[in-house]
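A short write-up of the structure that comes next.
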Amino acid sequence: MSTEAILVIDSRDVKTPELIPGMKNRHGREAMIFLLTTHWAEIQYDLMLKAFKYRIGTSKTVEQKLEATLDICRELYNAALQERRDAYKQCGVSVNYQAQATQLPDIKTVRPDVATVHSQVLQDVLKRLQRAFENFFRRVREGDNPGYPRFKGKNRYDSFTYPQGGWKLDGDKLTLSKIGSMRLKLSRPVEGDINRVTIKREAGRWYAIFTCEVEANPASTGGCAIALDVNLENLLTTSDGEVVDNPRWYRKAEEFLAWCQRWISRKKKGSKRRKRAVLRLQKAHAKVKNQRRDFQHKLSRRLVNENDVIFFETLQIKNMVKSHCLAKSISDVAWGSFLFMVIYKAAEAGRLAIGISPHWTTQECSRCHALVMKGLSQRWHSCPGCGLQLPRDHNSARNILARGIELWLASGQGVTARGGPLLGAPAKREPALGCESVVHGLLPAHSFRGWDSRGIIEPYPFYPTP
Ligand SMILES: [Zn+2]
């Protein structure tokens, strides 16, 4: 069985295709989201990669071996980086992955400790460096101002990968070549075929991450579409009017993180106490990260389970983070990673996640399409023309949904590529809004001109006027 998902992005701001990590198209290459101006782009997934992460229950000896492996990998990384730098500085020669990989056997004869690490793990280290340089040059070409690849300090290099083989998983027992066996805390079964295994150290704990090829299982919910509007007050507002609050762990935890930082600065460098303090900070960061991930996973799972099509704004997160006053709140919300979860879960389930250009979605009235100008602080949409009263974000979510469906129907692509279920099937859920009636195929594509032409959407009696 193969997955088929269409990913459509319409954005006027972005020109370069963006790589979605972990997704491959039918040619085995990593999939791209094409950010086009007016066109629709299709991406089909025959399979997708999914990561499963488990804690390793380590013994002292295994832990020492993992540490030692990590150290050797880090040393190799730094040495390879040094070689590239020197070769270029002194002779103007650029050294690539191949040239460095052929040196590995010789290095092993000189350094027997390097030979204690699996050969593919070492090759993977060099590939990581290659990627770092590729990204660096790409960004230079794009006119960015990236930092030159850096030497990795002891706390900055914390994972190594078995890219093809060298591991064996038997129940909860993982055996790694040249390291030994260890027990995993298998919180859930590994799905699909294991592609690669990465061992990672995070805040003093060790994890095994299995990257697996997973076949998708497309399923229809009976044709529900929804649009998401992101904002800073809440994480998102849906076109149904549901408001999902943004739990601001980071800000809450911030005070504690700052305290940890001060605590570290009071300790002598290289001391045992400092080490302990650093670990404490790392753990605090890890906790925030885990809470966020957990929340986002659950939310994205629910949205994908309940809907066949999800429309969202293509926000320029990078640019927004650059404008610093919004930066902290936006990274706090971590919209990008949330969106990624929605996209890959949708792809896996054979659903659609479609990006829509956000222009004027806030200002436009979702019923009469008049422009009602409002500043950032104005949270309520009150239309003088038709009298529509809505929270600002709900209004823009409805606009995103309207635009999405209009574009989508007009393109005709979505309908043919996905077949009947979306347009024909009856809804399992009672349609709460007119938008869903449109999705349910009550309307031929060419006649759709917006909400009011159907006269479906009525003013909301539920909201108290502010
Ligand atoms: Zn209006």
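Derivation of every value follows stated rules applied to the coordinates shown; laboratory data play no part. Note that the coordinates shown come from a computational prediction; the quantities given were computed from them, not determined experimentally. Here the Cβ is made from the backbone with ideal geometry for all residues, glycine too, and neighbour counts use every protein chain on show.
Among the GluC sites (Glu not before Pro) in the stretch 67-148, which ones are in a DSSP loop with at most 14 other Cβ atoms within 10 Å of the Cβ? Mind listing them?
For GluC sites (Glu not before Pro) across the stretch 67-148 that sit outside H, G, I, E and B with at most 14 neighbouring Cβ atoms in 10 Å, the list reads Glu142.
On a 20 Å Cα-Cα criterion, which of the cross-link pairs Lys252/Lys289; Lys127/Lys200; Lys152/Lys287; Lys53/Lys200; Lys178/Lys200; Lys89/Lys154 come out too long?
Lys152/Lys287; Lys89/Lys154
Just grab the label-to-label distance for Leu299 and Ala286, each label 7 Å out from Cα along the Cβ direction, in nm (one decimal).
Each label point lies 7 Å from its Cα, and together they span 2.5 nm.
Could you work out the local net charge near His394, counting Lys and Arg as +1, Asp and Glu as -1, over the other residues with Cβ closer than 10 Å to its Cβ?
Numbers: positive: Arg392, Arg398; negative: Asp229, Asp240, Glu242, Asp393.
Around His394, the charge tally is -2.
In terms of the Cα gyration tensor, with a ≥ b ≥ c the square roots of its eigenvalues, is the stretch 48-89 rounded because a/c is under 1.5, prolate because a/b exceeds b/c, or oblate? Could the numbers behind the result be given before it?
On the way: a/c = 7.27, a/b = 1.65, b/c = 4.40.
Since a/c reaches 1.5 but b/c is at least a/b, the shape of the stretch 48-89 is classed as oblate.
How much FRET efficiency would the formula 1/(1 + (r/R0)^6) give for Lys272 and Thr61, where r is the Cβ-Cβ distance and R0 is 30 Å, rounded to 0.05? Don't skip to the end; give the middle numbers.
Values: r = 22 Å, r/R0 = 0.73.
After rounding, the FRET efficiency stands at 0.85.
How much length would be gained if the chain were fully extended between Arg156 and Glu242, taking 0.36 nm per residue of separation minus their Cα-Cα distance, in nm to one decimal? If you can, show how the numbers build up before the last one.
On the way: separation 86, 0.36 × 86 = 30.96 nm, distance 4.09 nm.
Contour length minus Cα-Cα distance gives 26.9 nm.
Mind giving me the nanometre distance, one decimal, between the label points for Ile194 and Lys53, set 7 Å out from Cα along Cα→Cβ?
Computed distance between label sites Ile194 and Lys53 equals 1.8 nm.
Roughly speaking, what is the stretch gain from Ala132 to Glu254, that is 0.36 nm per residue apart minus the C-alpha to C-alpha distance, in nm to one decimal?
Working: separation 122, 0.36 × 122 = 43.92 nm, distance 3.05 nm.
Using 0.36 nm per residue and subtracting the Cα-Cα distance, I get 40.9 nm.
At a Förster radius of 30 Å, what calculated FRET efficiency corresponds to the Cβ-Cβ distance of Asp144 and Thr102, to the nearest 0.05?
Computed FRET efficiency for Asp144 and Thr102: 0.40.
In sequence order, what are the phi-derived ³J(HN,Hα) couplings for the stretch 366-372 according to the Karplus relation 6.51 cos²θ - 1.76 cosθ + 1.60 with θ = phi - 60°, rounded to whole Hz, with x for glycine and proline?
6, 9, 9, 6, 6, 7, 10
For Lys89 and Asp113, what is the calculated FRET efficiency with R₀ set at 30 Å and r taken between the beta-carbons, to the nearest 0.05? Working shown, then result.
Values: r = 29 Å, r/R0 = 0.95.
Efficiency, from the Cβ-Cβ distance: 0.60.
Please list, in order along the stretch 280-292, the HN-Hα scalar couplings obtained from phi with the Karplus expression 6.51 cos²θ - 1.76 cosθ + 1.60 (θ = phi - 60°), rounded to whole Hz, x for Gly and Pro.
For the stretch 280-292, the Karplus-derived couplings read 4, 5, 4, 5, 5, 4, 4, 5, 4, 4, 5, 4, 5 Hz, x marking Gly and Pro.
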